[in-house]
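Bear in mind these aren't lab numbers, they're just calculated from the coordinates by the rules spelled out. Being a predicted model, the structure only gives us computed values, none of them experimental. FYI the Cβ positions are ideal-geometry reconstructions off the backbone, even for glycines, and counts take in every protein chain you see.
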Amino acid sequence: MKKTVGLISILLLFFSCEKDDFCTQNPVTPNLILRFYDSTNRNTIKKVDNLYVWAEGKDSLFVNASLDSLYIPLNTAALETVYYFSKDNTINQFTISYSTTNEYVSRSCGYKVIFNEVSFTSNNSWINDFEPNIPITIENQNKAHVQIFH
């Protein structure tokens with residue numbers, strides 16, 4: 001009798017356990033993806049050499065990098081994020097303005113932030129142009145959000 005009660009207790013414990021809940025969507029809140037292109041041949045991807053990238057008031061994200069694309073986080077607690085891109089000691093200020101909404105993903109992931117009405121401004125020191133020139137929405141990281149021509 002004791003063995004039967006013990007076996008039933010073990011089975012109840014085994015079947016009453018919840019599955020572990022892991023967030024498989026990393027990262028949930030998307031980063032801004034930028035891709036660099038040649039300003040004379042706008043369909044050609046062009047690396048930026050000696051690139052330094054930092055946010056206003058923060059440490060550098062990229063130091064002396066040679067990249068044709070990069071991803072950078074946006075400040076979810078603000079309506080604007082300012083980044084500086086330095087190439088060969090020439091600094092370009094790139095400002096991203098937006099509004100945010102929170103979207104529930106799951107119990108394990110919580111909420112993600114969607115960036116709405118995202119617009120860009122630049123002082124165009126070494127960046128000649130960028131696209132898009134109209135506000136966009138950023139809700140995933142499937143492709144580049146901004147094309148920068150230099």
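Summary table below
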item	result
Förster radius 35 Å - calculated FRET efficiency between residue 35 and residue 58, Cβ distance, rounded to 0.05	0.95
When each of 112/143; 47/87; 87/143; 87/112; 58/143 is checked by Cα-Cα distance, pairs over 22 Å	87/143; 87/112; 58/143
Separation of the residue 24 and residue 124 label points, Cα + 7 Å toward Cβ, nm	4.6
Region 21-149, relative contact order [Cα under 8 Å, separation at least 6], %	28
Förster radius 35 Å - calculated FRET efficiency between residue 75 and residue 44 (Cβ-Cβ, nearest 0.05)	0.65
